[in-house]
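Participant: Could you have a look at this structure, given as structure tokens, before my questions?
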Amino acid sequence: MSSDRYHQHFFVSWDQLHRDVRTLCHQMIERDFKGIVAITRGGLIPAALIARELNIRLIDTVCIKSYDHMDQGGLDIMKGVDHDGEGWLLVDDLVDTGKTARAVRKMLPNAHFVTIYAKPDGRPMVDQYLTEVAQQCWIQFPWDMGVAYVEPLVDQMKR
Ligand SMILES: O=P(O)(O)OC[C@H]1O[C@H](OP(=O)(O)OP(=O)(O)O)[C@H](O)[C@@H]1O
Ligand SMILES: O=c1[nH]c(=O)c2nc[nH]c2[nH]1
Ligand SMILES: [Mg+2]
């Protein structure tokens, strides 16, 4: 699927991401997980932050690729795990169409699956998420952005 379907951008700063992950952790504080399975690569950073908040030291990965920047291709599963997810927390940064989540759910049907952000089409695939984002929005994560100079408005208007 091509990037034409994204008409808006939803920008997430490091601060915002950290706050969002901590809020999600508050909602999971009573749970006792054996460990975390992070879906690479996007799930790695939320997984590290969650591991710190919930004091989880055992972390595994499912390695999977679906997008080349904003273009969705076929799923390339490079590494799985050897259990069904019972007692484990499964973490990704977001769910969009739900294609990645559907494939990982098949591998780990009993894991508790969380994402920080969820778009409507993929939302039913996860057990818990923090923030809903419109389907036509591309979520811009802080690791994909940099700090750049912005011209003053008056100068922009002259052009
Ligand atoms: O719900 P979907 O439409 O399947 O999209 C969601 C997936 O896409 C992104 O991963 P991507 O394949 O871009 O790899 P990355 O995590 O390495 O950036 C994101 O991190 C999710 O894993
Ligand atoms: O950085 C990203 N932002 C998104 O909105 C998205 N959807 C699928 N994969 C994505 N990656
Ligand atoms: Mg990913």
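The values are calculated or read from the model by the stated rules, or taken from the named source; none is laboratory data. Please read all numbers here as calculations on a predicted model, not as lab measurements. We place every Cβ from the backbone using ideal geometry, glycine too, and count neighbours over all the protein chains shown. Note: accessible area is taken over every heavy atom of the protein model, side chains too, but ligands, DNA and RNA are not part of it. Shrake-Rupley method; radii C 1.70, N 1.55, O 1.52, S 1.80 Å.
Participant: Any idea which residue in the range 56-96 is least open to solvent (accessible area, probe 1.4 Å), counting only those that are small (G, A, S) and closer than 29 Å to Q136 by Cβ? Full working, then the answer.
Facilitator: The initial filter retains those residues of the range 56-96 that are small (G, A, S), namely 66, 73-74, 80, 85, 87.
Checking which are closer than 29 Å to Q136 by Cβ leaves us with 66, 73-74.
On the way: S66: 13, G73: 33, G74: 60 Å².
Among residues in the range 56-96 that are small (G, A, S) and closer than 29 Å to Q136 by Cβ, the one least open to solvent (accessible area, probe 1.4 Å) is S66.
Participant: What residue, among those in the range 38-50 that are surrounded by fewer than 20 Cβ atoms within 10 Å (Cβ to Cβ) and within 16 Å of ligand 2 (Cβ to nearest atom), is nearest to M78 (Cα to Cα)?
Facilitator: It comes out as T40.
Participant: Of the residues M145, M157, which single one is away from ligand 3 (no atom under 16 Å from the Cβ), open to solvent by 70 Å² or more (accessible area, probe 1.4 Å) and touching a residue at least 40 places away in the same chain (Cβ under 8 Å)? Walk me through how you get there before you give the answer.
Facilitator: Working: M157 fails: touching a residue at least 40 places away in the same chain (Cβ under 8 Å).
Just one listed residue meets the conditions, M145.
Participant: Yes or no: D92 among the acidic types (D, E), at pLDDT below 95, within 13 Å of ligand 3 (Cβ to nearest atom) and touching a Ser or Thr at 6+ places or on another chain (Cβ under 9 Å)? It would help to see each step written out before you state the result.
Facilitator: On the way: among the acidic types (D, E): yes; at pLDDT below 95: no; within 13 Å of ligand 3 (Cβ to nearest atom): yes; touching a Ser or Thr at 6+ places or on another chain (Cβ under 9 Å): yes.
When the stated conditions are applied, D92 does not pass them.
Participant: Within the range 1-42, can you find the residues that are of a type in the set (D, E) and outside any helix (DSSP H, G or I)? I'd like the intermediate steps shown before the answer.
Facilitator: Start the filter on the range 1-42 by keeping residues that are of a type in the set (D, E), which leaves 4, 15, 20, 30, 32.
Within the range 1-42, E30, D32 qualify.
Participant: Here's another thing I want to ask about it. Suppose the filter is surrounded by fewer than 19 Cβ atoms within 10 Å (Cβ to Cβ) and assigned to a helix (DSSP H, G or I); does E53 pass it?
Facilitator: When the stated conditions are applied, E53 passes them.
Participant: Follow-up. Identify all residues within the range 81-102 that are part of a loop (DSSP other than H, G, I, E, B) and not hydroxyl-bearing (S, T, Y); write none if there are none.
Facilitator: V81, D82, H83, D84, G85, E86, G87, D96, G98
Participant: While we're on this one: Of these, K119, K99, which one is closer than 21 Å to I50 by Cβ, crowded, with 16+ Cβ neighbours inside 10 Å and not small (G, A, S)? It would help to see each step written out before you state the result.
Facilitator: Values: K99 fails: closer than 21 Å to I50 by Cβ.
Just a single option satisfies the conditions, and that option is K119.
Participant: Can you pull out the residues in the range 15-32 that are of a type outside the set (S, T, N, Q) and either within 13 Å of ligand 1 (Cβ to nearest atom) or open to solvent by less than 80 Å² (accessible area, probe 1.4 Å) (or both)? Show your work before the answer.
Facilitator: Taking the range 15-32 first, the residues of a type outside the set (S, T, N, Q) are 15, 17-22, 24-26, 28-32.
Listed by number, the residues that qualify are L17, H18, D20, V21, L24, C25, M28.
Participant: In addition: Which pairs do you get when a residue that is over 21 Å from Q16 (Cβ atoms), found in the range 92-120, comes within reach of a residue that is assigned to a loop (DSSP other than H, G, I, E, B) and within 8 Å of ligand 1 (Cβ to nearest atom), reach meaning Cβ atoms under 7 angstrom, with the pair 6+ apart or on two chains?
Facilitator: Listed by first residue and then by second, the contacts come to T97/D121; T97/G122; G98/D121; G98/G122; A101/G122.
Participant: Within the range 78-88, identify whether any single residue is more than 20 Å from R123 (Cβ to Cβ) and either within 14 Å of ligand 2 (Cβ to nearest atom) or aromatic (F, W, Y) (or both), and answer yes or no.
Facilitator: Yes.
Participant: What about G35, is it out of contact with any Ser or Thr (no Cβ under 8 Å at 6 or more places or on another chain), at pLDDT 95 or above, open to solvent by less than 60 Å² (accessible area, probe 1.4 Å) and within 17 Å of N110 (Cα to Cα)?
Facilitator: Values: out of contact with any Ser or Thr (no Cβ under 8 Å at 6 or more places or on another chain): yes; at pLDDT 95 or above: yes; open to solvent by less than 60 Å² (accessible area, probe 1.4 Å): yes; within 17 Å of N110 (Cα to Cα): yes.
For G35, the condition - out of contact with any Ser or Thr (no Cβ under 8 Å at 6 or more places or on another chain), at pLDDT 95 or above, open to solvent by less than 60 Å² (accessible area, probe 1.4 Å) and within 17 Å of N110 (Cα to Cα) - is met.
Participant: Report those strands (runs of 3 or more DSSP E) wholly inside the range 110-159 carrying at least 2 residues which are among the β-branched types (V, I, T) and closer than 26 Å to V81 by Cα.
Facilitator: In the range 110-159, the matching strands (runs of 3 or more DSSP E) lie at 112-118.
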